[in-house]
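What follows is one structure encoded as structure tokens, with my remarks underneath.
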Amino acid sequence: MSGSGTATPVPTDTALHRLRLAGHFTDCFTTVIPTAVALPQFIEAFYTTPLFKAERLVLRLLLRQRTTDRQAHELAHGTRTTFAVWRVAERTPDQILLSDESGRTSSWLMIREEADGPIRATRLLFGSAIKPTAQSASGTPQLSPMFRAILGLHTVYSIKLLQAAARRLMD
């Protein structure tokens with residue numbers, strides 16, 4: 001697996017980029033796996049990894065949002081439009097954008113087929129968007145102090161989530 005979870009610019013032809021243009025903080029991480037993967041496979045793998053299941057447990061305990069692997073499967077295959085605190089904001093054959101109920105945070109997954117001669121590979125992309133809730137002294141929108149404080153943890157967690165999904169897809 002190459003690039004096992006590295007930061008990359010947000011691709012300009014994506015739903016996540018439109019949020020960036022609207023003033024949201026965005027990040028994007030990528031990895032490539034040496035196999036063909038469809039978006040539903042990536043979505044299901046991502047939301048059913050043990051690491052994300054830990055996040056699902058936190059959501060259940062703190063927000064009373066119970067989720068199951070079956071619900072993740074339904075989301076992946078387009079028969080469900082909500083999952084825990086998120087709803088599908090946009091979906092195409094190669095990407096999905098989920099926004100929380102408040103519209104302040106979004107999660108985004110995307111696949112890009114890559115081929116190097118006869119070898120098929122898939123680029124997996126995962127990103128987040130956070131709508132600024134504070135302003136600097138000059139009036140520029142900025143992230144809340146709390147989010148700025150945990151940004152490093154968010155980055156590490158995002159990379160680990162992407163790596164976990166890639167491993168699951170490789171099994």
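The values are calculated or read from the model by the stated rules, or taken from the named source; none is laboratory data. Owing to the predicted nature of the structure, the values given are computational and were not obtained by experimental measurement. Here the Cβ positions follow ideal geometry from the backbone for every residue, glycine too, while neighbour counts run over all protein chains shown. For accessibility, only protein heavy atoms count, side chains too; no ligands or nucleic acids. Shrake-Rupley method; radii C 1.70, N 1.55, O 1.52, S 1.80 Å.
This table checks each residue for (1) touching an Asp or Glu at 6+ places or on another chain (Cβ under 9 Å); (2) over 24 Å from residue 163 (Cβ atoms).
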| position | (1), (2) |
| --- | --- |
| 52 | no, no |
| 74 | no, yes |
| 85 | yes, no |
| 97 | yes, no |
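Would you call residue 167 modelled with pLDDT of 90 or more, under 21 Å from residue 98 (Cα atoms) and open to solvent by 30 Å² or more (accessible area, probe 1.4 Å)?
For residue 167, the condition - modelled with pLDDT of 90 or more, under 21 Å from residue 98 (Cα atoms) and open to solvent by 30 Å² or more (accessible area, probe 1.4 Å) - is not met.
Considering only region 56-107, state which residues are hydroxyl-bearing (Ser, Thr, Tyr) and more than 13 Å from the chain's Cα centre (by Cα).
Result: 67, 68, 79, 81, 82, 92, 102.
Do any residues in region 137-156 that are modelled with pLDDT of 80 or more and in a helix (DSSP H, G or I) have Cβ atoms under 7 Å from those of residues that are hydrophobic (A, V, I, L, M, F, W, C) and open to solvent by less than 50 Å² (accessible area, probe 1.4 Å), where the two are at least six apart or on different chains, and which pairs are they?
As it stands, the answer is 147/130, since those pairs meet every condition given.
If you take the residues of region 67-79 that are free of Cβ contacts under 8 Å to residues at least 12 places away in the same chain and exposed (fewer than 14 other Cβ atoms within 10 Å of the Cβ), which of them is farthest from residue 157 (Cα to Cα)?
79
Need the failing condition index for residue 49 against (1) surrounded by 15 or more Cβ atoms within 10 Å (Cβ to Cβ); (2) modelled with pLDDT under 95, just the number.
So residue 49 meets the others, but not (2).
Within region 80-133, restricting attention to residues that are in a loop (DSSP other than H, G, I, E, B) and either buried (at least 20 other Cβ atoms within 10 Å of the Cβ) or in contact with a Gly (Cβ under 9 Å, 6 or more places away or on another chain) (or both), which residue is modelled with the highest pLDDT?
Let us first name the residues in region 80-133 that are in a loop (DSSP other than H, G, I, E, B), namely 80-81, 84-85, 93-94, 101-104, 117-118, 131-133.
Cutting the leftovers down to either buried (at least 20 other Cβ atoms within 10 Å of the Cβ) or in contact with a Gly (Cβ under 9 Å, 6 or more places away or on another chain) (or both) gives us 84, 131-132.
Values: 84: 88, 131: 91, 132: 86.
Top of the filtered list is 131.
Which residues, taken from region 1-24, are under 26 Å from residue 144 (Cβ atoms) and open to solvent by less than 50 Å² (accessible area, probe 1.4 Å)?
Once the filter is applied, which keeps residues that are under 26 Å from residue 144 (Cβ atoms) and open to solvent by less than 50 Å² (accessible area, probe 1.4 Å), region 1-24 yields 5, 8, 10, 14, 15, 16, 17, 19, 23, 24.
Filter region 133-155 down to residues that are over 13 Å from the mean Cα position of the chain (by Cα), within 25 Å of residue 6 (Cβ to Cβ) and not aromatic (Phe, Trp, Tyr), then give me how many there are. Working first, answer last.
First, the residues of region 133-155 that are over 13 Å from the mean Cα position of the chain (by Cα): 133-153.
Now drop any that are not within 25 Å of residue 6 (Cβ to Cβ), which leaves 143, 147-153.
Subsequent filtering for residues that are not aromatic (Phe, Trp, Tyr) retains 143, 148-153.
Residues in region 133-155 being over 13 Å from the mean Cα position of the chain (by Cα), within 25 Å of residue 6 (Cβ to Cβ) and not aromatic (Phe, Trp, Tyr): 7 in total.
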